[in-house]
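The structure under discussion appears below in the form of structure tokens.
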Amino acid sequence: MTPLRSAAWFDGDDEVAMLHRVALAQTNYRRGHPVIGIAATSSAFNPCHGDVDRLVSAAATAIEDAGGVPAVFPAMSLGEDLMKPSAMMYRNLLAMEFEETIRSSPIDGLVIFAGCDKNVPAALMALASADIPSLIGLVGIRRPGKIGNRRIAAGTDVWRELERRRSGQTDDEEWAAFEQSLGEVGPGICNVMGTAVTMGLLTEVLGMALPTSTTMQAGGDEILEAARMTGRRVVEMVKHNDRPSQNMTKSAFDNALTMLAAVGGSTNATIHLAAIAGRLGLRLTPDAVDAVISRVPLLADIEPCGAGLAQDLHDAGTTPALVYALGELFDQSCVAANGKPWSAVISGQRSTSPFIRSIADPVAAAPVIAMLSGSLAPGGAIIKVAAASTELLHHSGPAVVFDDYHDMRQRLDDPNLKIESDSVIVVRDCGPSGAPGMPEWGMAPIPKRLADQGVTDMLRVSDGRMSGTSFGTVVLHITPEANRGGPLALVQDGDIIELDVQARRIDLLVDDEVMSQRQAAWSPTPSPHQRGWPAMYRQHVRDATSGCDLDFLVSPTDGQPVFIEPVIGRS
């Protein structure tokens, strides 16, 4: 067995080691046994994590039974529903909290319970940097809501119902019934292919969560047993010194991108994967990402790009069945979280369910997601093709510009606004530095006047993000962002914007001389954020195509160590 990291704290007979042992005595600490930290991310402000305390207890018991010393500690919980302006702004802060807790504490192995969108990538970023034996315990999916015999999907059905309400098809009574249905679903992550389910599946593919655990029902017995298995597995990983860097290889990231396309996953995942890879000294450039995802068709028939819910995906065999269906597109020699290669995990996992299709009979052809560049986004942009309208994938039209989210909300439904169905809605200053935190403000609603006329989709362009549960023809993550002087900052009403997905381009058709004049006259809007985390975030956050990590947290590519162990002595 590899020497325990915690031995630096506990071994010896001096007063330092003695006091360290006393400090952990309430955990039933046993000298020579591995200390397994358990990060409890429950919070009244995060309904997705409502089952975490039960899972923590199950994992702690399993760890003790396996010979480990469970040590539960609280951690910040990033609740997507209530955290403003965006949980994304706090992803890096939580990653720092995890990493610094590991650095400063006698932890030999770690289980982090997470599920809601930004908690999972924060955990993966920290574990990639600290590189100690560790896994993520996923919290499971919530039950569907119900109105009569109709299943209500958290997320996607919200956008559909909002469209119906804005066009007058849903009255106040129906809207209230819809709210009541959503309020009765219980804990767990959104049950469609939003960012939470997407990142859970990718965490499995990266070998950092047990196979099939993403789509288990929150609050049930199956997810409870997965928590126990996760605890036992981490004790075993400490004994063999199995580390995240051994699983999260370049091939594993290619597999994650492949899975992202196959399930029609959230565009947010490309940002998170770039950030996680950056912690390992890997670089996922837009061209490299597009080279992988452009070859993969849509195989999961799950909302918002398909018809089913996450429960249907679970019943169909979930991750192993998807890996089987991907065949040679997926490197099955990569290692899953149970320590086995994926070739062993998928043995006999062929699905006969209509919710997981074959490459020969996909839900939609490739590309499911496309990376773009061009004069409007010289640093890159993204579009979820499978959620867009086919007729808008090659489109040009005059820009209608909103300088920020609040401007859009105030003016979008103005009946005097000069906007038509062929217009291109631009919502800017929503990027990492601009908002700050890059909120999901990119999918502007259809203006009410046009919605009343039956318009259901328009080309929208933004340096912000959109929810993975959303749909529509929306170009996102425009880089450089407007707040940092990118071309998006210089767009004016009436400028022609052209999208050509086949050519992977998004262009602003304005003369270079005019653009130079506008650039010379441009200056950033002063930020009110002059202190605290928002000020630090704005100063150090990288762009979307680089993962929106902080510049001082990214690992160098020369293999130099980034995680320095503390000097153990008197505090």
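A short reminder: the numbers here are calculations on the coordinates, not readings from a lab. From a predicted model like this one, the values you see are computed outputs, not experimental measurements. A quick note on method: Cβ atoms are made from the backbone with ideal geometry, for glycine too, and the neighbour counts reach across all protein chains shown.
Key figures for this structure:
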read-out	value
Dipole of the chain, positive direction: furthest Cα of VAL235, PRO487, ALA7, with charges on the beta-carbon	ALA7
Proximal lysines relative to LYS118, as straight alpha-carbon distance under 26 Å, when same-chain residues fewer than 8 apart are discounted	LYS84, LYS250, LYS384
Straight-distance crosslink candidates among lysines, where the alpha carbon sits under 24 Å from LYS239 and sequence neighbours closer than 8 are dropped	LYS340
Positive-end extreme of charge dipole, region 431-510 - chosen from VAL461, VAL474, PRO432 (charges on Cβ)	PRO432
Considering only the chain, percent of DSSP beta bridges that pair antiparallel, nearest 5	45 percent
Helix-only mean residue ellipticity at 222 nm for the chain, each DSSP H run of n ≥ 4 adding -39500 (n - 2.57), per residue, nearest 500	-10000 deg cm²/dmol
Cβ charges +1 (Lys, Arg) and -1 (Asp, Glu), total dipole of region 418-571, debye	680 debye
Lysines with Cα under 23 Å of LYS448, excluding same-chain neighbours fewer than 8 positions away	LYS418
Inter-probe distance in nm under a simple model that places probes 7 Å from Cα toward Cβ, at ASP11 and SER343	3.8 nm
Listed residues ALA130, VAL185, MET18: farthest to the positive end of the dipole of the chain (Cβ charges)	MET18
Residues THR2 and ALA365, FRET efficiency given R0 of 51 Å [Cβ-Cβ distance, rounded to 0.05]	0.60
DSSP-defined antiparallel bridges as percent of all bridges, region 75-193, nearest 5	35 percent
Region 369-521: C-alpha gyration tensor shape, a/c 1.5 cut-off, then a/b vs b/c	rounded
Debye, to nearest 20: dipole size of the chain, +1 on Lys, Arg Cβ, -1 on Asp, Glu Cβ	1000 debye
Shape call, the chain: gyration tensor on alpha carbons, a/c limit 1.5	prolate
Per the chain, cysteines lacking a partner by the 4.7 Å Cβ criterion	CYS190, CYS305, CYS334, CYS430, CYS548
Separation in nanometres of the label points that stand 7 Å from Cα toward Cβ, at LYS146 and ASP452	3.8 nm
Test item: Cα-centred dipole of region 349-493, Lys/Arg +1 and Asp/Glu -1 on Cβ, debye	440 debye
